[in-house]
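The values are calculated or read from the model by the stated rules, or taken from the named source; none is laboratory data. Quick caveat: nothing in here was measured; it's all calculated off a predicted structure. Because the Cβ atoms are built from the backbone with ideal geometry, glycine has one as well, and the counts that use them run over all protein chains shown.
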Amino acid sequence: MSSLCAALEQSFGDKLRQVLGDWGSVALFVSTKDEKFGDYQCNIALSCAKRLGVKPRELAEKIAEVLRSGEESCFSEITIAGPGFINLRLSEAFLRAHLPAAYDGGSCALSSCGKEGTVCGFAPRPETVVVDYSSPNIAKQMHVGHLRSSIIGDSICRVLSFLGCRVVRQNHVGDWGTQFGLLCAWLMDHTDASQRGDVDLSNLEALYRQAQALADEDPEFHEQSRRRVVALHNGDAETIATWRYIVSKSLSHIENTYALLGVLLQSEDMRGESFYNPMLSALVEELQQRYPAGSRPLEVAVSQGATCIFMYDADGKPLFKGADDEPQPMIIRKADGAFLYPTTDLAALRFRLTELKADRVIYTTDIRQTLHFQMLFQAAALMGWLGEGQKLEHVTFGTVLGPNNKPLKTRSGENVKLADLLHEAVDRARAVLKTEDDQGQPRFSEAEIEQISRTVGIGSVKYADLSQNRVSDYVFSFDRMLAMEGNTAPYLLYAYARISSILRKAPDSLWQKAEVAMADPAERRLALHLARFAETVEGAAEGWRLNLLCDYAYSLAGLYMKFYETCPVLSASEPGLREQRLRLCDLTGRVLKTVLSLLGLDVVERM
């Protein structure tokens, strides 16, 4: 499967270059925004005419001749407008050849998406991509702040897998540090051994607050917790066993939240701070030896007792400066010998580049961590860690806001727990679901009600987030995201359920081998949008504009609704036309389901 633009470039690129010569990097073909100008435009005559010493319209005429010269014309109409705009209308044969499906006895190239090994017609990309996302802190419950990283990162992984990349998910969980020494002390030194199994570990955050309060008022417990931190870092067997117990209990709750949210992270994807901890001391010593004080463009020097990385440009000026205009350090070891998250991130990055063999490493975090990743990536580059073709990307996002346009909080001012938010979404979806028909008879079984409520509720939260400009803040509103009208998940899920209903009523399966209907303008508009599926996916992956997938799905559903209103399907005037329209319905449903899958949404057959 290739985009229409790529297919046109492949067909005419070499011939056009013979006319245009050194045409640079200007795109040859772009889609039009208004169908009165055709489907695509070739406007390169305007940019190349002066360089070639000819008038733009004369050059446009030459280009148009090339476009008409194909053995099998890709276009049903080619016109020149204004000073040299070339408007192109695709032929039905070309459109049919580039619809995103290839039937063979009813099978389709579009299958379940977002999982490794599923290419769905795209040529596999020989690329290993490590995606770092979600990254909750084990000692705290997941809250709304983890929502965007989890679902954006998950969608990125689904799109990459769909495009044929080998994707390695990495969940950099916070499972190490002084807070775990405190929790170990609470369980080992404060709780009676016979009662230890009764301690509620479902909310480690509350337990940690209790332990911290006790440490603040009880000097003996404060000393016990300090000793447990040392024992943990020194690998004491009993303390490590308790730490593992705490982590495993907490991870089970995190995994339940992932299952509810519908992200693909598994336990094997979790590689926490504890994994990299044994590497940190040797890493700092290595960097100190390789880049001693005075080295350029990177040096590792001690500043106010802390071990720091400083980076400079070719003129010896600091690449990063603080508010006081002094060189901004990347601190990798504190004066007391403790390591920081930049140290762990350096170790993790090297592991991903060398051990996981990543061609690309993508991090998804909120925009506030921009400076940290700029320094991390720059340090890796200056230290020569990046081999040929290896790339690092930081995918940022804005904040989820409440109705007061401030970060979403509970009424008491605490972070909204992610599980609570998701359960409320499911409950609200169930409340608005019409469960009885006009005669008062049940429309769904209890199991169906539960499945539909969960699919609509969770899908609404995810879609409302992904449909936003990724780097922008947005106001969280259940009423808006659960609306049946507008660019919402319920509207799209209803469109899919409507298509499924029509196909269930089809009298036979002859439509599976029929041609897609294109005679009516509504049919052709829908077919053209379906044919633009591939370039939409590729465009969304360029800069990770996942909202483009949402816009595509919303437009697809809208075009389908207009087609359905204009073109009778089951009651079509003749059987052949009915089969062609059923084929168009089926393909629309498959593409809509695929796009929603790339966004991490499930579908329902009835709604």
Q | Unmet requirement for residue 286, which otherwise passes all of (1) buried (at least 16 other Cβ atoms within 10 Å of the Cβ); (2) charged (D, E, K, R); (3) outside any strand (DSSP E or B) | A | (1)
Q: Check 427, 465 and return the single one that is among the charged types (D, E, K, R) and within 21 Å of the chain's Cα centre (by Cα).
A: 465
Q.
Looking only at the stretch 23-48, filter to residues that are farther than 21 Å from residue 98 by Cα and touching a Cys at 6+ places or on another chain (Cβ under 9 Å); which one of those is modelled with the lowest pLDDT?
A. 24
Q: Please identify the pairs in which a residue from the stretch 36-60 that is under 30 Å from residue 92 (Cβ atoms) and of a type outside the set (S, T, N, Q) has its Cβ atom under 8 Å from the Cβ atom of a residue that is at pLDDT below 85 and outside any helix (DSSP H, G or I), counting only partners at least 6 apart or on another chain.
A: 42/28; 44/23; 44/26; 44/27; 44/28
Q: Among the residues of the stretch 200-221, write down those that are at pLDDT 90 or above, under 21 Å from residue 141 (Cα atoms) and either touching a Gly at 6+ places or on another chain (Cβ under 8 Å) or assigned to a loop (DSSP other than H, G, I, E, B) (or both).
A: none
Q | Residue that is over 24 Å from residue 430 (Cβ atoms) and not hydroxyl-bearing (Ser, Thr, Tyr), where the choices are 548, 466, 482, 493 | A | 548
Q: Answer yes or no as to whether residue 251 is touching a residue at least 40 places away in the same chain (Cβ under 8 Å), among the hydrophobic types (A, V, I, L, M, F, W, C), part of a helix (DSSP H, G or I) and surrounded by 13 or more Cβ atoms within 10 Å (Cβ to Cβ).
A: yes
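A quick yes/no check of all residues on (1) touching a Gly at 6+ places or on another chain (Cβ under 8 Å); (2) aliphatic (A, V, I, L, M); (3) buried (at least 16 other Cβ atoms within 10 Å of the Cβ):
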{"residue": "530", "(1), (2), (3)": "no, yes, yes"}
{"residue": "542", "(1), (2), (3)": "no, no, no"}
{"residue": "548", "(1), (2), (3)": "yes, yes, yes"}
{"residue": "559", "(1), (2), (3)": "no, yes, yes"}
{"residue": "565", "(1), (2), (3)": "no, no, no"}
{"residue": "568", "(1), (2), (3)": "no, no, no"}
{"residue": "573", "(1), (2), (3)": "no, no, no"}
{"residue": "581", "(1), (2), (3)": "no, no, yes"}
{"residue": "587", "(1), (2), (3)": "no, yes, yes"}
Q.
I'd like the full set of residues that are aliphatic (A, V, I, L, M) and more than 23 Å from residue 163 (Cα to Cα), limited to the stretch 506-538.
A. 506, 510, 514, 516, 517, 518, 519, 522, 526
Q) Would the stretch 353-363 turn up any residue that is touching a helix residue (DSSP H, G or I) at 6+ places or on another chain (Cβ under 9 Å), at pLDDT 95 or above and either at positive phi or assigned to a helix (DSSP H, G or I) (or both)? A) yes
Q. Does residue 456 count as within 22 Å of residue 555 (Cβ to Cβ) and under 20 Å from the mean Cα position of the chain (by Cα)?
A. yes
Q: Give the number of residues within the stretch 259-288 that are among the acidic types (Asp, Glu) and under 19 Å from the mean Cα position of the chain (by Cα).
A: 1
**Q.** Where residue 169 falls short, out of the listed (1) of a type in the set (Lys, Arg); (2) modelled with pLDDT of 90 or more; (3) in a loop (DSSP other than H, G, I, E, B)
**A.** (3)
